[in-house]
Amino acid sequence: MLQMMKLTSSAACGGGGVTRRLPRAAIWPLAPPLCRPVFDAAPLLASNQSKGHKKEQRPKVKANKQEVEIRQTMTVAALARAMNRNPDSVLEALMNTPLDVSRANPSTVLEERWIKEAVTRSGMKFRWEKLSEEPQPQNRDAVPRPPAEASKLVRRPPVVTIMGHVDHGKTTLLDGLRKSRLVAAEAGGITQHIGAFAVELATGERITFLDTPGHAAFSAMRARGAGATDIVILVVAADDGVMNQTVESIQHAKRAAVPIIVAVNKCDKAQADPQRVKRELLAHDVVCEEFGGDAQAVHVSALKGDNLLALAEATVALAEILELKAQPDGAVEGLVIESRTDRGRGPVTTTLVQRGALRRGCVLVAGKTWAKVRSLWDEDGRALEEAGPGAAVEVVGWKDAPSPGDAVLEVESEKRAREVSAWRAHQEELERLEAEQSRIQDKRRQHDDAYRKKRAELAHLSWRQRRLLLYHNDKSKFANRPSEKTAPATFALPLIIKADVDGSLEAILNILDGYDADHQCSLELVHIGIGDISEKDLDMAETFGGSVYGFNVAARKDIVQAASRRNVPVRLHRVIYKMVEQLKAEIAGKLPPLVTREVLGEAAVLAMFEVTAGKKKMAVAGCRVLKGQLERKMKFGLIRGGETLWEGVTSAPLPLPGGLLALKHHKEDVNAARAGSECGLSADGDVAFLPGDVVQCFREVEVPQVSAWDPGF
């Protein structure tokens, strides 16, 4: 047995000698472990599976799609950067869509649906971009104090505004009330600012008067004066009656719900008719007491001082009825009546105190600027330490000049004033951005509507036909585009405007807002400001080729000399309508002259006949000169039925096409034919005269062109 095992072992291990073939079952269990054959396991697994064993599922690895951050509107270039592709790939993804890819470029703005479509077609996912929310700044604005208790209120002087038409005697009335000479200080006798004055009567009563301009240009000042006042004294000239600015003043007073006292002025004149004035006021809902109304009417003569005391007493009586009271202590509240910039003092405001006590050292805010009060001044130039309710004072210490009409509030510190100014500037910037965004959206909506309308017109064409048509349209459009070097169709006048106070500048800008002659010459406001003419103004005027206009301001001698050397027009004025007249004249000077026709004579065609000139027959119109004279060297026209059928010039010294060949009296050539004489006319070219036609002789004359702008005064 042992020997048999050896033989089998040697045979299985590949040894030499004779090998007997034995059954596998007999020898397999006895095979040594190291010499067992190695079989592949795959057939065994296959056989196991074939016997019904369930195949083990391998986990599928799902490829993560790239995520693209999108927003509502993106350009092709921005979307390409977000997808990490080039713009051509984005446009290629949008092929075969309603979007016209042929006209798109990297700067084309895509709508939301095309953004999603491009991302999806590119095998990517989209998610909305997370907008970083900026923290909203805390409201740091200053607000007025709550109303004071009735026990803390004391009586205050009334604020009275003098309103009315220009030259009806408003300033003269104030002049008589306070025994001063204000009219002489006003340019042309016209008030051009809101003047604030305190008048103390013999009875000890104190009244604060505001004298508003009556000129048509100062409507905003009148509105501001009515809004800051308790009582309006409407001055109407007895010899002139109710005028335009009178009606406007009534409207301002009624809009502000302010009671009116009518001062019928100039009653000392022979042609004065106070009753007519009162009747005219009825048409504007101003009913005087003698007609059953509540408006007091006082007949005065401001020039002679007649009945001014009665007017003051009527004002005080009405103030007592109104029970005007205010809190005399605490934080100041007021209103900016006027603002200007003084040399040496900086921005200065005329401020009406409405509540509290205004003292030196107070910190005030008005609009976007603030002030630490350095000094207070009354209308006579006297320094004050304190001003109470109802007083109008000049305040020095502003960082910038606030706008007239701004509310004045006192705050506790300079830091708080800066916070208020910064907050208001921030809010104004937000309002400006919102307005700009609204305009952008409107423009975009108009552009989209025009684009859709244009696409709808080409909807019946194939993509290739549409692309070809758009190509030809764009090609012709760019070919016919006017050259950028061509001269502009209209003329332009750049302006630099300087004024003494903010209110005057406001009035000038209101006038220019009504400019409606841009088709002739456009006005370009390069710079506006408050203060005297400076070197910077000359630099801007020279750069833009414009003019400098100054209203109630001065120009130093060296500035005037520099302007003369540099050919910069500097025009200084103290009366607003004269300034507007010169501006109109300068606009007219920019315009080319107009060519007008000056008719020298007319002749009626009586008959037609032919004459022989050499070998040629020529048609001649026999005419009788009706008026003026026909001159050979002038232009002629043929009028039939009121319509000009032909125009031409005479043939001296050579015949010109469309002109006259001859002007004859009988058989002689003449240079002129006077009224009442007969003459013969022959025209070169195809001109057919008929009996009854009118032949007109004229010449073209160049006349200066006048601006079509009508400022209203």
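The values are calculated or read from the model by the stated rules, or taken from the named source; none is laboratory data. Keep in mind that this is a model prediction, so the values were computed, not measured. In this analysis, Cβ positions are derived from the backbone assuming ideal geometry, glycine residues included, and neighbour counts consider all displayed protein chains. SASA here: full protein model, heavy atoms, side chains in, ligands and nucleic acids out. Shrake-Rupley method; radii C 1.70, N 1.55, O 1.52, S 1.80 Å.
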**the stretch 73-84 - phi-based ³J(HN,Hα) in whole Hz, Karplus 6.51/-1.76/1.60, Gly and Pro as x** = 10, 9, 7, 4, 5, 5, 5, 5, 5, 5, 8, 6
**Fill in**
Between D513 and R565, the two model label points (7 Å from Cα along the beta-carbon direction) sit apart by a distance in nm of 4.0
**Fill in**
Plugging the Cβ-Cβ distance of A202 and E535 into 1/(1 + (r/R0)^6) at R0 = 56 Å yields, to the nearest 0.05, a FRET efficiency of 0.60
**Prompt:** Between K125 and I440, what length in nm is gained on full extension when 0.36 nm per residue of separation is reduced by their alpha carbon distance?
**Reply:** 110.4 nm
**Request:** With label points built 7 Å along Cα→Cβ from the Cα atoms of A148 and S413, find their separation and express it in nm.
**Result:** 2.6
**I528/A257 FRET efficiency (R0 45 Å; Cβ-Cβ; nearest 0.05)** = 0.85
**Complete:** On the formula 1/(1 + (r/R0)^6), with r taken between the Cβ atoms of N244 and H665 and R0 of 56 Å, the FRET efficiency rounded to 0.05 is 0.40
**Request:** Indicate the gyration tensor shape class of the stretch 246-315 (rounded, prolate or oblate), computed on the Cα atoms with a ≥ b ≥ c the square roots of the eigenvalues: a/c under 1.5 is rounded; otherwise a/b larger than b/c is prolate and the rest oblate.
**Result:** prolate
**Request:** Show the residues, 5+ positions off or on another chain, whose built amide H is closer than 5 Å to the amide H of F126.
**Result:** V68
**Complete:** Phi-derived 3J(HN,Hα) across the stretch 261-267 with the Karplus relation (6.51, -1.76, 1.60, θ = phi - 60°), rounded Hz, x for Gly and Pro, is 10, 8, 9, 7, 8, 6, 6
**Complete:** Shape call for the stretch 308-364, from the Cα gyration tensor axes a ≥ b ≥ c (a/c under 1.5 means rounded, otherwise prolate when a/b beats b/c, else oblate), comes out oblate
**Request:** Tell me which residues come under 5 Å, amide H to amide H, from Q629 once H is placed; ignore anything under 5 positions away on its chain.
**Result:** G601, E602
**Asked** How do the peptides 294-304, 166-176, 554-564, 411-421 rank, highest first, by the average count of neighbouring beta carbon atoms within 10 Å per residue?
**Response** 166-176, 294-304, 411-421, 554-564
**Message:** Report the gain in length on full extension from R674 to A604: 0.36 nm times residue separation, minus Cα-Cα distance, nm rounded to one decimal.
**Reply:** 23.9 nm
**Message:** Show me the ranking of peptides 87-99, 230-242 by mean Cβ neighbours inside 10 Å, starting with the highest.
**Reply:** 230-242, 87-99
**Fill in**
Between R360 and K633, the two model label points (7 Å from Cα along the beta-carbon direction) sit apart by a distance in nm of 8.2
**Complete:** Counting only residues 5 or more apart in sequence or on a different chain, those whose built amide H sits under 5 Å from that of L303 are K266
**Request:** Can you bin the stretch 502-555 into rounded, prolate or oblate? Criterion: square roots of the alpha carbon gyration tensor eigenvalues sorted a ≥ b ≥ c, rounded for a/c under 1.5, prolate for a/b above b/c, oblate for the rest.
**Result:** oblate
**Asked** With all protein chains present, how much of the accessible area of the stretch 293-437 (probe radius 1.4 Å) comes from carbon and sulfur, to the nearest whole percent?
**Response** 48
**Stretchable slack from Q66 to V701, in nm (0.36 nm times residue separation minus alpha-carbon distance)** = 220.8 nm
**For the stretch 258-375, alpha-carbon Rg over 2.2 N^0.38 Å** = 1.52
